[in-house]
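The values are calculated or read from the model by the stated rules, or taken from the named source; none is laboratory data. Treat the numbers as computed from the prediction; the structure is a model and nothing was measured. Cβ sites come from the backbone with ideal geometry, for glycine too, and all protein chains shown count toward neighbours. These area figures cover heavy atoms from the full protein model, side chains too; ligands, DNA and RNA do not enter into them. Shrake-Rupley method; radii C 1.70, N 1.55, O 1.52, S 1.80 Å.
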Amino acid sequence: MDVLHFLFGNATALFLFLSPTITFRRIIRSKSTEQFSGIPYVMTLLNCLLSAWYGLPFVSKNNLLVSTINGTGAAIESIYVLIFIFYAPKKEKAKILGLFTCVLTVFSAVALISLFALHGNARKLFCGLAATIFSIIMYASPLSIMRLVIKTKSVEFMPFFLSLFVFLCGTSWFVYGLLGRDAFVAIPNGFGCGLGAMQLILYFIYRNNKGSASQEAMKPTANGNASLEMGPDFQKPHQANGNKIPQDDQV
């Protein structure tokens with residue numbers, strides 16, 4: 001089972017971590033984070049750190065695969081977060097930087113408490129609960145994007161491959177958790193499997209409207225000017241450097 005999951009589970013997880021490279025290529029080329037949210041990357045970083053810690057032999061036995069792939073994911077997500085902070089507007093930069101600091105603080109607290117105050121099954125339970133909670137938060141972080149897709153009827157800011165690998169990765173690790181009888185692995189990834197399926201359904205419903213989110217999200221206000229109602233995780237599109245992104249470069 002370990003060999004099969006190493007080939008499929010770790011591969012899908014790695015592709016999940018690498019799938020935002022298309023988005024970040026766009027951010028680097030435009031020198032703007034546009035309407036993309038940095039929160040999913042910060043929360044994924046925290047999930048990877050906690051899951052990698054949980055998989056270490058002195059915390060939980062027979063879970064080294066969990067530790068290795070999430071350690072790799074933590075390194076990749078750290079790069080994404082730093083790039084996002086570099087290109088984000090001042091207000092968004094401060095928010096993501098503050099969240100990044102909180103992530104490092106939470107992980108350090110969990111690691112130190114589990115290392116020095118807890119032992120045996122209590123350590124596994126504490127680390128497992130922390131990893132489960134933040135895994136669910138990680139999988140739930142794209143909900144704001146799903147809301148945007150439904151509102152604008154466009155999948156411009158919900159990349160297909162990210163949704164696909166959320167589904168495949170969640171399914172793979174859900175099965176791994178079931179076979180290994182590890183609820184701390186099975187529960188959050190079962191949630192991720194379901195959420196990934198929902199994202200894929202939305203993608204196929206609105207796939208023909210790709211690239212129209214910026215126009216459809218603009219709504220007239222009382223004074224006749226257009227405004228963008230995206231919630232707190234979004235900025236006005238294509239205005240960070242005054243240039244509009246060519247259609248060919250859009251995800």
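Just a few scattered comments:
- Filtered residues of the stretch 113-132 (kept if touching a residue at least 40 places away in the same chain (Cβ under 8 Å) and of a type in the set (A, V, I, L, M)): LEU129, ALA130, ALA131
- Only one entry of ALA197, ALA186 meets the criterion of being modelled with pLDDT of 85 or more, surrounded by fewer than 22 Cβ atoms within 10 Å (Cβ to Cβ) and closer than 16 Å to ASN47 by Cβ, and that entry is ALA186.
- In summary, TYR176 fulfils each of the numbered conditions (1) under 19 Å from GLY55 (Cβ atoms); (2) modelled with pLDDT under 85; (3) touching a helix residue (DSSP H, G or I) at 6+ places or on another chain (Cβ under 6 Å); (4) open to solvent by 20 Å² or more (accessible area, probe 1.4 Å) with the single exception of condition (4).
- Looking at SER154, SER135, SER144, just one residue is in a helix (DSSP H, G or I), under 15 Å from GLN35 (Cα atoms) and open to solvent by less than 70 Å² (accessible area, probe 1.4 Å), and that residue is SER144.
- Test: residue in the stretch 180-203 that is of a type in the set (Asp, Glu), touching a residue at least 60 places away in the same chain (Cβ under 8 Å) and either in contact with a His (Cβ under 6 Å, 6 or more places away or on another chain) or closer than 23 Å to PHE24 by Cα (or both): no
- Listed by position, the helices (runs of 4 or more DSSP H) inside the stretch 1-112 whose residues that are in contact with a helix residue (DSSP H, G or I) (Cβ under 8 Å, 6 or more places away or on another chain) and free of Cβ contacts under 8 Å to residues at least 24 places away in the same chain number at least 1 are 39-54, 64-87.
- Count of the stretch 9-36 residues, restricted to those that are within 15 Å of the chain's Cα centre (by Cα), of a type in the set (Gly, Ala, Ser) and open to solvent by 10 Å² or more (accessible area, probe 1.4 Å), is 1.
- Residue match in the stretch 230-244 (condition: part of a helix (DSSP H, G or I), at pLDDT below 80 and farther than 24 Å from ASN62 by Cα): no
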